[in-house]
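Accompanying notes for the structure given below.
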Amino acid sequence: MDKSYNVAVADCSKALELEPTNIGAFAARCVTLIGKMDYDGAIADCDKAIELNPKDAWSYSNRCWAYTRKGDYNRAIADCNKGIDLKPMAEPYDSLGLIHLKLGDYDEAIANYDAALKIDPNYASALYGRGTAKLKKGDNSGGNSDIASAKAIQSHIADRFVAFGVK
């Protein structure tokens, strides 16, 4: 594991010792813990950030991602939707797209990836995910075009999807 994650967690923890209600420190540590694949720890930090500020769309989005990575799709979907209700962002739509892609609901995956791309047309993950869903539906031209666009933005994007269990 990258030592910088441990340093970041320690820094956030120190900030929280000094200021136990520092929402930014909880949020930063949540993201770092996701990077360390400590999803339960990340969820706990997002829980605290949301408790301190129930309108913090980023914490709902990050907790959605942690639940997605754990495979707890019902909780992930609820958090993604809450984050979107508070502030429409590409990230929770992208997470919803991945969930529906993994569940085999390709139309819903495409709809969520489309929503992410409406916000950020260069969101490589949404392009790649949408391309994968299109391929699964038999749209080879559209799927391959989206995947090529995603790889032009982020050359190793396919590796990320393999890590998510999507081929």
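A quick yes/no check of all residues on (1) modelled with pLDDT of 95 or more; (2) out of contact with any Leu (no Cβ under 9 Å at 6 or more places or on another chain):
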| site | (1), (2) |
| --- | --- |
| Asp38 | no, yes |
| Gly41 | no, no |
| Asp56 | no, no |
| Asn62 | no, yes |
| Gly71 | no, yes |
| Ile77 | yes, no |
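Restricting Ala42, Ala66, Ala76, Ala8 to residues that are in a helix (DSSP H, G or I) and more than 30 Å from Gly131 (Cβ to Cβ) narrows the list to Ala8.
Which members of the stretch 117-166 meet the condition of being without any contact (Cβ under 8 Å) to a residue 24 or more places away in the chain and not in a helix (DSSP H, G or I)? Correct list: Pro121, Gly138, Asp139, Ser155, His156.
Would you mind telling me which numbered condition in (1) over 22 Å from Ser59 (Cα atoms); (2) part of a loop (DSSP other than H, G, I, E, B) Pro88 fails? Result: Pro88 passes all but (1). Can you spot a residue in the stretch 32-49 that is outside the structural domain of Leu98 (by TED's automatic domain parsing), under 21 Å from Asp85 (Cβ atoms) and exposed (fewer than 15 other Cβ atoms within 10 Å of the Cβ)? Yes: the stretch 32-49 contains one or more residues that are outside the structural domain of Leu98 (by TED's automatic domain parsing), under 21 Å from Asp85 (Cβ atoms) and exposed (fewer than 15 other Cβ atoms within 10 Å of the Cβ).
Of everything in the stretch 92-116 that is touching a residue at least 60 places away in the same chain (Cβ under 8 Å) and among the hydrophobic types (A, V, I, L, M, F, W, C), the residue that is farthest from Arg75 (Cα to Cα) is Leu101. Of all the residues in the stretch 16-39, those that are touching a residue at least 12 places away in the same chain (Cβ under 8 Å) and either in a helix (DSSP H, G or I) or β-branched (Val, Ile, Thr) (or both) number 15.
Okay, residues lined up against (1) surrounded by fewer than 16 Cβ atoms within 10 Å (Cβ to Cβ); (2) hydrophobic (A, V, I, L, M, F, W, C); (3) under 28 Å from Gly138 (Cα atoms):
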| site | (1), (2), (3) |
| --- | --- |
| Tyr73 | no, no, yes |
| Asp79 | no, no, no |
| Ile84 | no, yes, no |
| Ala90 | no, yes, yes |
| Leu96 | no, yes, yes |
| His100 | no, no, yes |
| Ala111 | no, yes, yes |
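The values are calculated or read from the model by the stated rules, or taken from the named source; none is laboratory data. Note that this is a predicted model, so its numbers are computed, not measured. Every residue, glycine as well, gets a Cβ built from its backbone with ideal geometry; the counts of neighbours run over all protein chains shown.
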